[in-house]
Amino acid sequence: MNKKSKANTINVSQQFLNKFGSHIQGCLCGFDRLRLRGTLRHLFQPTVMESYLNACRVLIKDFSRFAEGITNRAKQAMNQIAEKANRPLIYLNSSQISKEEEAKKIAAKDGIRDGLVAILTCVEPCMSYRVRGDRQSKKIHLVLEPRKCLFYYHYFLHPTFGWMHARVQTWFPFTIDFCINGRHWLSRQMDQAGLEYRKEENCFVWISDWTKAQKLMDKQLKTAWPKSLKKILGEVLPTHSQICRPIAQQYYWTASQSEYATDIVFKSPEFLSKLYPNFVHHSISSFASPDVMRFLGRSVPTTTGRVHGKFEGEIISDMKHRPEGIRVKHTLKGNSIKLYDKQGRMIRVETTINHPEEFKVYRHSERDPQGELAWRELRRGVADLHRRAEVSKAANNRYLDALESTCGTEPIATLVSKVCRRRTIKGNKYRGLRPWSPEDRLLLESISSGEYTINGFRNGDLRKLLYSKKATKQEQRRRSSAITRKLRLLRAHGIIRKVSGTHRYVVTGQGRKILTALMAAYKADVDQLTKLAA
């Protein structure tokens, strides 16, 4: 990599770059897709909705007629937007039709480069209000429940964000979604900055200055979201101020979904084509549930390195063959991390956050802005988007660190055979390791736990992993001595080293390569290997 390319890699796993840097053309980190939601939060409470009607001097029994009038005015205003821009307004008779594809076809056909492309409408499920009766109180009241209503999809090329769309609900409580793509946004930024680039679909395969491009992408995190979104709101729902006026409320903006991608573009497609199958194989065969939890920022008990028994939720890993390549996806409680190749020139690691409360942010309490800082739940509000970027980038880098140890030019047999032979050090003889024996396999699996990567492990940590039954003090001393002999054996073969001034041990760089190779071999599935080799 040249000096300019190196300067922009500070966002990317250093371990990964140390191994593959000479083959990498450039890297890019930032949000891919952002789904930002505007809600009138108070109107999601039926009692407040009834107060809203009271402020409008409307009886609950007249809610449907009142709401229909507001809906019709909103539709009429949006219809006029399409008419004024001389763009099509199209009703889709199925929610299964891809609005994105339809809009792109229209844009390509009409040669649209800026402004409104089209407005597509469709009936879809939503949460909305209905008047219900209560048999006990013999009164009617409003109930928020699943319904269906007409949605307006505004597709347009925004002067700042590029290709995006707005999804407008046409019935109370008038929720709005904006879908923005960080790569399309970057295209606009680079056009204004005079940077040359080559873009294929949703990825950049070449940029004249990767460092400047990354700085522009980092600048996206400094966006004044409420101000920017409110401006677009007025363009897609002109009647929003009339809807908000009765109880003087404002739209509250949250990120309902975020995708943060780390793109690594390689110089040679041939090199990537040889490298990527190893990544895929290792991701599917070797990454266990605790690994996925660590990638996505969840703690794993240090005593076991395994998923806590009280953990509730599913951890799913799957592989999908796509026309353009193979995609691996790991999902944990609605959040996920994916690996896939793009355009035969790059790999993308992408963290998707749907449930930010699974992550933590160091901040003040909302109830006490001047109080003590503490680790609290990551909020959905756009105020925490910068923190989303931080935790997503960290997750991507943890994944890349894990992938880095999977590839090398040395065959596995040659790599492992070195530790299977006897060694003599300063007159002391040490047997060779027996990776396939139950005893040595359990030992190697124990020290390979990612929980010990940073702080290392102690004799006591291994005793808890290797011996499950309680023991007397005499038996504990015997076990401690046995573990000490095992640690000497591992040190003799260069698998681990002692941390100076402590009783802790860490896996060496060479040891990590050997352990990774062995873990992959232990967990290899014949059917999966056959598919990958086909």
Exercise. Working only within the range 145-174, note down all residues that are outside any strand (DSSP E or B) and not hydrophobic (A, V, I, L, M, F, W, C).
Key: PRO159, THR160, THR170, PRO173
Quiz item: Is the range 398-405 home to any residue that is at pLDDT below 80, surrounded by 21 or more Cβ atoms within 10 Å (Cβ to Cβ) and in a loop (DSSP other than H, G, I, E, B)?
Solution: yes
Quiz item: Can you find a residue in the range 180-192 that is modelled with pLDDT of 95 or more, charged (D, E, K, R) and either over 28 Å from the mean Cα position of the chain (by Cα) or assigned to a loop (DSSP other than H, G, I, E, B) (or both)?
Solution: no
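Any idea which residue in the range 57-116 is surrounded by the most Cβ atoms within 10 Å (Cβ to Cβ), counting only those that are of a type in the set (Phe, Trp, Tyr) and within 24 Å of LEU144 (Cα to Cα)? Working first, answer last.
Keep residues of the range 57-116 that are of a type in the set (Phe, Trp, Tyr), which gives 63, 66, 91.
Narrowing further to those that are within 24 Å of LEU144 (Cα to Cα): 63, 66.
On the way: PHE63: 21, PHE66: 16.
That would be PHE63.
Going through the range 351-390 one residue at a time, which ones are assigned to a strand (DSSP E or B) and more than 14 Å from the chain's Cα centre (by Cα)?
Initial filter on the range 351-390 (assigned to a strand (DSSP E or B)): 351-353, 360-363, 374-377, 381.
Passing the criteria: LYS360, VAL361, TYR362, ARG363, ALA374, TRP375, ARG376, GLU377, GLY381.
Take the residues in the range 433-452 that are in a loop (DSSP other than H, G, I, E, B) and surrounded by fewer than 16 Cβ atoms within 10 Å (Cβ to Cβ), then tell me which one is modelled with the lowest pLDDT.
Of all residues in the range 433-452, those in a loop (DSSP other than H, G, I, E, B) come to 433-437, 448-449.
Applying the additional criterion that residues be surrounded by fewer than 16 Cβ atoms within 10 Å (Cβ to Cβ) yields 434, 436-437.
On the way: ARG434: 89, TRP436: 85, SER437: 90.
Checking each candidate, the answer is TRP436.
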Exercise. For PHE31, indicate whether it is within 27 Å of ARG388 (Cα to Cα), aromatic (Phe, Trp, Tyr) and surrounded by 17 or more Cβ atoms within 10 Å (Cβ to Cβ).
Key: yes
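Take the residues in the range 348-363 that are over 19 Å from ASN397 (Cα atoms) and charged (D, E, K, R), then tell me which one is surrounded by the fewest Cβ atoms within 10 Å (Cβ to Cβ). Full working, then the answer.
Keep residues of the range 348-363 that are over 19 Å from ASN397 (Cα atoms), which gives 354-355, 357, 362-363.
Of the ones still in play, those that are also charged (D, E, K, R) are 357, 363.
Numbers: GLU357: 12, ARG363: 17.
Within the range 348-363, the match that is surrounded by the fewest Cβ atoms within 10 Å (Cβ to Cβ) is GLU357.
Identify all residues within the range 453-484 that are part of a loop (DSSP other than H, G, I, E, B), in contact (Cβ under 8 Å) with a residue 12 or more places away in the chain and of a type outside the set (Ser, Thr, Tyr); write none if there are none.
Filtering the range 453-484 for residues part of a loop (DSSP other than H, G, I, E, B) gives 453-456, 458, 467-472.
So of that shortlist, the ones also in contact (Cβ under 8 Å) with a residue 12 or more places away in the chain come out as 453, 455-456, 458, 467.
Passing the criteria: ASN455, GLY456, ARG458.
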Quiz item: Mind checking which pairs have a first residue in the range 124-139 that is among the β-branched types (Val, Ile, Thr) and a second that is modelled with pLDDT of 90 or more and part of a strand (DSSP E or B), Cβ under 6 Å, 6 or more apart or different chains?
Solution: VAL131/ILE140
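Residue under question is LEU142, and the condition is that it be at pLDDT 95 or above and part of a strand (DSSP E or B); does it hold?
Working: at pLDDT 95 or above: no; part of a strand (DSSP E or B): yes.
For LEU142, the condition - at pLDDT 95 or above and part of a strand (DSSP E or B) - is not met.
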Exercise. Could you check ARG132 against (1) in a strand (DSSP E or B); (2) under 38 Å from the mean Cα position of the chain (by Cα); (3) charged (D, E, K, R) and say which number it fails?
Key: (2)
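Being assigned to a helix (DSSP H, G or I) and within 34 Å of the chain's Cα centre (by Cα) is the filter here; which residues of the range 79-108 pass it? Please lay out each step first, then the result.
Initially, the range 79-108 is screened for residues assigned to a helix (DSSP H, G or I), giving 79-85, 99-108.
Hits for the range 79-108 are LYS99, GLU100, GLU101, GLU102, ALA103, LYS104, LYS105, ILE106, ALA107, ALA108.
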Quiz item: Restricting the range 163-210 to residues that are basic (Lys, Arg) and more than 15 Å from CYS27 (Cα to Cα), which is surrounded by the most Cβ atoms within 10 Å (Cβ to Cβ)?
Solution: ARG167
Quiz item: Got a sec? Which of ARG33, ARG37, ARG73 is in contact with a helix residue (DSSP H, G or I) (Cβ under 8 Å, 6 or more places away or on another chain), of a type in the set (Lys, Arg), in contact (Cβ under 8 Å) with a residue 12 or more places away in the chain and in a strand (DSSP E or B)?
Solution: ARG33
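Which of the residues belonging to the range 477-505 are among the hydroxyl-bearing types (Ser, Thr, Tyr) and surrounded by 16 or more Cβ atoms within 10 Å (Cβ to Cβ)? Write out each step before concluding.
First, the residues of the range 477-505 that are among the hydroxyl-bearing types (Ser, Thr, Tyr): 480-481, 484, 500, 502, 505.
Residue satisfying the conditions is TYR505 alone.
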Exercise. Evaluate the range 88-97: report whether one residue or more is among the aromatic types (Phe, Trp, Tyr) and more than 27 Å from PHE161 (Cβ to Cβ).
Key: no
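Output the residue which, of all residues in the range 260-276 that are in contact with a helix residue (DSSP H, G or I) (Cβ under 7 Å, 6 or more places away or on another chain) and either among the hydroxyl-bearing types (Ser, Thr, Tyr) or within 10 Å of ASP341 (Cβ to Cβ) (or both), is surrounded by the fewest Cβ atoms within 10 Å (Cβ to Cβ). Don't jump to the end; show me each part of the working.
So the first thing to find is which residues in the range 260-276 are in contact with a helix residue (DSSP H, G or I) (Cβ under 7 Å, 6 or more places away or on another chain), and the list is 260, 262, 266-268, 271.
From what's left, either among the hydroxyl-bearing types (Ser, Thr, Tyr) or within 10 Å of ASP341 (Cβ to Cβ) (or both): 260, 262, 266, 268.
Details: TYR260: 26, THR262: 25, PHE266: 22, SER268: 12.
By that ranking, first place goes to SER268.
The values are calculated or read from the model by the stated rules, or taken from the named source; none is laboratory data. Here the structure is a predicted model, which means the values were calculated and not measured. Cβ: placed from backbone, ideal geometry, glycine included. Neighbour counts: every protein chain shown.
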